[in-house]
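Bear in mind that the values in this text are calculations on the coordinates, not laboratory data. Since the structure is predicted, the reported quantities are computational estimates derived from the model, not experimental observations. Neighbour counts run over all protein chains shown; Cβ positions are idealised from the backbone, glycine included.
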There are 2 protein chains.
Amino acid sequence: MAASSLSLSHPPTGLSPTTTTRHHTTTQTPPSSFFSPPKPTSTPPSHTLTHRRRLPTAHRRRIISSAAAVETLHNTDTTIVDKSVNTIRFLAIDAVEKANSGHPGLPMGCAPMGHILFDEIMRYNPKNPYWFNRDRFVLSAGHGCMLHYALLHLAGYDSVKDGDLKQFRQWGSKTPGHPENFETPGIEVTTGPLGQGIANAVGLALAEKHLAARFNKPDAEIVDHYTYCIIGDGCQMEGIANEACSLAGHWGLGKLIAFYDDNHISIDGDTEIAFTESVEKRFEALGWHVIWVKNGNTGYDEIRAAIEEAKSVTDRPTLIKVTTTIGFGSPNKANSYSVHGAALGAKEVDATRQNLGWPHEPFHVPEDVKKHWSRHTPEGAALEAEWNAKFAAYEKKYAEDAAELKSIADGVLPAGWEKALPTYTPEIPADATRNLSQACLNALAPVLPGLIGGSADLASSNMTLMKMFGDFQKKTPEERNVRFGVREHGMGAICNGIAHHSPGFIPYCATFFVFTDYMRGAMRISALSEAGVIYVMTHDSIGLGEDGPTHQPIEHLASFRAMPNILMLRPADGNETAGAYKVAVESRKRPSVLALSRQKLPNLPGTSIEGVAKGGYTISDNSTGNNPDVILIGTGSELEIAEKAADELRKDGKTVRVVSFVSWELFDEQSDEYKESVLPANVTARVSIEAGTTFGWEKIVGSKGKAIGIDKFGASAPAGKIYKEYGITKEAVIAAANEVC
Amino acid sequence: MAASSLSLSHPPTGLSPTTTTRHHTTTQTPPSSFFSPPKPTSTPPSHTLTHRRRLPTAHRRRIISSAAAVETLHNTDTTIVDKSVNTIRFLAIDAVEKANSGHPGLPMGCAPMGHILFDEIMRYNPKNPYWFNRDRFVLSAGHGCMLHYALLHLAGYDSVKDGDLKQFRQWGSKTPGHPENFETPGIEVTTGPLGQGIANAVGLALAEKHLAARFNKPDAEIVDHYTYCIIGDGCQMEGIANEACSLAGHWGLGKLIAFYDDNHISIDGDTEIAFTESVEKRFEALGWHVIWVKNGNTGYDEIRAAIEEAKSVTDRPTLIKVTTTIGFGSPNKANSYSVHGAALGAKEVDATRQNLGWPHEPFHVPEDVKKHWSRHTPEGAALEAEWNAKFAAYEKKYAEDAAELKSIADGVLPAGWEKALPTYTPEIPADATRNLSQACLNALAPVLPGLIGGSADLASSNMTLMKMFGDFQKKTPEERNVRFGVREHGMGAICNGIAHHSPGFIPYCATFFVFTDYMRGAMRISALSEAGVIYVMTHDSIGLGEDGPTHQPIEHLASFRAMPNILMLRPADGNETAGAYKVAVESRKRPSVLALSRQKLPNLPGTSIEGVAKGGYTISDNSTGNNPDVILIGTGSELEIAEKAADELRKDGKTVRVVSFVSWELFDEQSDEYKESVLPANVTARVSIEAGTTFGWEKIVGSKGKAIGIDKFGASAPAGKIYKEYGITKEAVIAAANEVC
């Protein structure tokens, strides 16, 4: 699969994805200053060496020997590539200058690799940013987003017109301060928080590898694309990046090619002050192929050759360390932190124009550059058309597979899928909702082609294995159980990548609920970027018992209820667990968090799949006229306690309504009429019970009600003992009810 | 400093810390089956080789060649070491069995290294677990805590008596399900959530290196101890561990010695399913010295030699990969995930007793083992006494240094420190609270010897540099500005380690408030383990502007208000920032989160340091009789808006009280009387304004009040524009006030 790149110098005539590029046809030995892996500790594979061929140097270019030196181009023989690269640099400079806010340094340094990727290597259709078989690009160092916007602009994406560039970082623009997939078609994922992007890229590459193994046929390679990513020093320092890259190496994601923008500068200054590890050696340890491009500023051919080499290594992901100068071209600010995150200032912009020989007005794109890039529109259309034809043939021959793939690619859920969900009656023995969750996953797996996921080394505790499938592994990528290892943050971000690969993917991931603390960065990006990931979070309270307070969530329900665009669901039994899955599967643009019990819970009368969809609903009531003496409100494992308390209160002559409050967000979205039918304003005698913080419950129980919960850390002891000692009991509910009514 | 270990076989007679162990006096070449670094890619330092000497083998021991094989000891010639190791194993087995809950696998595999550490290597005083110059031990794989409890028990710690072992994982016991420093003297930090412990250990070792460089004199090495840690496969997979270990390598923490329990098993089975990277190579890349002990099950001398070697490498931390068999000794469950996290079961316990030749009752400690370990009580007392004498001499000669060190060691804040805090009047120009925070840090640094900290590569944005100090670096460890790089999670956990090293340390750390999502795991451990870390969190709302929604906190204030034992402070101006620091510095057992603005805020009349300590207080009021028409409540940057709205409402004839609600937790702790004086129950006309989620505000404004806030994600635009578009304005407050009163 290494021969399918497009080459600028030789645009493929037939647009066949198997067109051989010119790079493959040359045979000379490269000069020694070209890329070379950094002191390899193991012998590189022999194919690596055979691919190191001399690349035609189309025009004179000075190779700089030290990344730290500031170097300028001599423009007397500026070619179209130089011009294009400088166009990218100045679009970034000018946009940041106009906004007086942003990060010019990265785009100035990474323009060469950006140009080569978007103009020579990547296959995409600018007029359909969602074409299924496109190559994906992720700017993990999202603060450098003007690089990406400039490239989308030159490539002909309608989302980034000239006017959009001029609106960089302004209200309502398509060019926000960090890349946001939900704002700007052509942006694949949402980055900015460092390390997320490379983990997303691992998810995108996982998705490709999975789909290719599952759907490609010997006579039809219908899934075949690359994932490219640019990582900065900041991303490299983040633990999430190491987690995700360890998995990428483990899975052998050969079509993941990451560029490490090695510019030695982070916000606080030279990376020497905090980052002196050997990144190359670490990536080799993680099972990656590593290449070093020593001159990322002007060494176009080095970059091209590195990409060729990366493509030739199919059993491992590749890290191309590209040594660049941050703010390249700025005579006084290049190679310093001052160019990282602030506008250059008018004077330095002028000096940079002078230095790089760029006499143009701000935001100017020279006509020849425009013309040069204009071919991507017809070529992209042709690529997509060709693929469509290929898919039509595939569909004829492999109808069933085609339907599954289509469902994943288009995001249309198969009709009637929800009929697979189990339902329960009170006679069915009590079970932990984590087990009931597994029943749902196993019921849904056969009917939802896009369901894929797993746990952070807790599959047997989270109960997340789909029993009819094997493990997604290097040699079995067609399987759908993913083993994430103990890497929660990476897991969440990888699932975001899978979700954004194709709208029909339904990624799920699992750990103990308390460890959402480890992955909250990724979960927030799920919510913000509209990735419908399902978070299967078990051991959801002190009910887990002996593991103690480090493992017992207290504030977590509240902390997700407070987060925008995420559904927090805490089902109480079998029907509610099924209902939670129904909601979660349907919520393709809003992630769901399912809080599930370790301990057994009875199937309660009155619970239902439909009830869950309303967020809050009455499960039992002996009152009339919407006017009970008291309303008892519970969630998850405490709904049973509320129900038992109601039984006793009713025996004492009270009229009692029991409400399951499984999802606050869904209840909030109901009509005022419906809300009044569940929680009538005139009934202020309300008691809630939940084995978590009472924070936020005032909204539901009102100032005259009582919230029973836990506002301190848990304890290590058998679960029943903790419940009793913490007062999460029927008796406490009865006492509170008698107090408020 | 490599010669200061205690050796079992030759207990030092004079107890001098410079006693040479027998290991140093032998000179033979070790047999080749002894430890050997895994294929080193760089030549090991020459001193490494010279320290590889034959260790006397006191008794016959079978060296097993494969870690995967289950091997038994032949008890015909069981020595005291074997016996002690088996005592540890069976205390763990029996405690887990009695609790029917817990993790026997790790203690069974790690008992040999545990025995050697606690019986032969470490310097501690069991009768004073808080002796300042003790060696520290951290069990990062905290689930194996029965190992640590058994060792504390044998060593003579009063916190883990026989009865405590029998109460493992029970209500109120000193032996909870994971190690908790606040429950069990002798436990240094709280672990269980994986990866935290090794990062804590990095913090402990940083603290030692810092204090040693700052206080030791050529004639008085008053600070001199090691930090030991056991890491499991799970810890190794976590990103936080890579972050912290990258820093440990960067800082050259030569007295940090970590044992990697390489047992190839995690909860989901063989580590092959998700963890195939080369850990050794990765640690070499991170700048560590790496040693491999191939036989961790019975290779006592290999373990001893590895520790010797580790101590001889003083410029780098050492990872000793110890290949062990999880559940060693269990004939049917060893080397399988089934022994990881569940009791063996009576039958397998019997079989293990049989297999290891252990005829004793549960919880039995043989008399000779007891006797053998009993010397640690007098020896520990002698070690401490010796150090105390040394310190007394130091104090005489270096009074000033001694006073500083004492303050750090004892946790007594210098008298009058708070007088250094700046105060402000409304005439003083507006400033961002992040800048005001820097003023506080720089005012406090000279008067608080224990203040140490820094930022995750945002020092110039978070404004956290102490200008009178340089950077804590490998060659300048006496300095107090720590450069954490972009490693938020590691940073938080390292600060926990510093805090737990000595009660007078006041570690602070900084990033953008939104990135608390990356470090929440560590922050929760601060709260749970009573580490008074100060979290300096700037860019605390949409007020940061153009960086957009990925960088704008919304739910974060609420998410920390919901967390137990952590102070969430959002100061509004100079006085409140100073007040927040006063509270935070005094809160040595409760971490503080300071949410600070990027944008300038005026110094308001009525704010005060004393007010902050109350959590909520009136800053202006034109009412009488504690009965205003309306109460406006604001925090941080929105307090100004509330005040401006009040001005206009007062002009319209309303009586208006403005309340600063800087810390909900502190307000909650005030008397009912005080609360009534600020928020009288009869005044239900209340309006709150805060540029964050309204979640939770019902508690303060009541069901008749109005909460103005943001319940969706932010946007990328200039800050003023977003405030206006999101309705966080004076006009909105006035409209709401008119609505409610």
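Summary of computed values
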{"read-out": "Sorted by Cβ neighbour density within 10 Å, fewest at the top, the residues B:Y394, A:Y226", "value": "B:Y394, A:Y226"}
{"read-out": "Number of partner chain Cβ atoms within 10 Å, mean per residue of A:516-526", "value": "6"}
{"read-out": "Whole-number D in µm²/s for region B:661-741 (Stokes-Einstein; Kirkwood sum over Cα pairs; 10 °C, 1.306 mPa s)", "value": "114 µm²/s"}
{"read-out": "Kirkwood Rh in Å, taken over all unlike Cα pairs in the protein assembly as shown", "value": "33.3 Å"}
{"read-out": "Inter-copy separations for B:P429, label at 7 Å along Cα-Cβ, nm, ascending", "value": "7.5"}
{"read-out": "Per-residue HN-Hα couplings for region A:556-562 [Karplus 6.51, -1.76, 1.60; θ = phi - 60°; Hz; x = Gly/Pro]", "value": "6, 4, 4, 5, 8, 4, 7"}
{"read-out": "Cα-based equivalent ellipsoid, region A:447-510: semi-axes from gyration tensor eigenvalues, Å", "value": "16, 15, 11"}
{"read-out": "Cα-based reach from B:K406 at 19 Å (exclusive), listing lysines while leaving out same-chain residues under 8 positions away", "value": "B:K209, B:K217, B:K390, B:K396, B:K397, B:K589"}
{"read-out": "Among B:Q473, A:I728, A:F90 the positive-end extreme of the charge dipole of the protein assembly as shown (Cβ point charges)", "value": "B:Q473"}
{"read-out": "For the protein assembly as shown, calculated [θ]222 nm from helices alone, where every DSSP H run of n ≥ 4 adds -39500 (n - 2.57)", "value": "-11000 deg cm²/dmol"}
{"read-out": "D_trans [Stokes-Einstein, Kirkwood Rh over alpha-carbon pairs] for chain B, 20 °C, 1.002 mPa s, µm² s⁻¹", "value": "78 µm²/s"}
{"read-out": "Descending principal axes extents, region B:163-243, alpha-carbon based, whole Å", "value": "49, 33, 15"}
{"read-out": "Student exercise, the protein assembly as shown dipole from Lys, Arg, Asp, Glu Cβ charges, in Debye to nearest 20", "value": "2300 debye"}
{"read-out": "Averaged over B:556-566, number of beta-carbon atoms from partner chains that fall within 10 Å", "value": "6"}
{"read-out": "Calculated FRET efficiency for the pair B:E386/B:E669, C-beta based, R₀ 35 Å, to 0.05", "value": "0.20"}
{"read-out": "Cα-centre dipole for chain B with unit charges at Cβ (Lys and Arg positive, Asp and Glu negative), debye to 20", "value": "1280 debye"}
{"read-out": "Size of charge dipole - region B:377-430 - debye, nearest 20, with Cβ of Lys, Arg +1 and Asp, Glu -1, no other charges", "value": "140 debye"}
{"read-out": "Virtual spin-label span in nm between B:W171 and A:K166, 7 Å along Cα→Cβ", "value": "7.2 nm"}
{"read-out": "A:V290 long-range amide H proximity, modeled H, under 5 Å", "value": "A:L319"}
{"read-out": "Order of B:L211, A:L604 under a 10 Å beta carbon neighbour criterion, fewest first", "value": "A:L604, B:L211"}
{"read-out": "Inter-copy spacing of A:D410 label points, which lie 7 Å from Cα along Cα→Cβ, given in nm from shortest upward", "value": "7.8"}
{"read-out": "Top positive-direction residue, dipole computed over region A:260-410 with Cβ charges, set A:T314, A:L383, A:G357", "value": "A:G357"}
{"read-out": "Packing-based ranking, highest mean first, of A:519-530, A:236-247, B:270-281 given that Cβ atoms within 10 Å are counted", "value": "A:236-247, A:519-530, B:270-281"}
{"read-out": "Förster radius 35 Å - calculated FRET efficiency between A:E395 and A:T79 (Cβ-Cβ, nearest 0.05)", "value": "0.20"}
{"read-out": "Across the identical copies, how the B:K347 labels are spaced - nm, sorted shortest first, 7 Å along Cα→Cβ", "value": "8.4"}
{"read-out": "J(HN,Hα) series, region B:522-534, from Karplus relation 6.51 cos²θ - 1.76 cosθ + 1.60, nearest Hz, glycine and proline x", "value": "6, 5, 5, 5, 4, 5, 5, 8, 6, 9, x, 5, 9"}
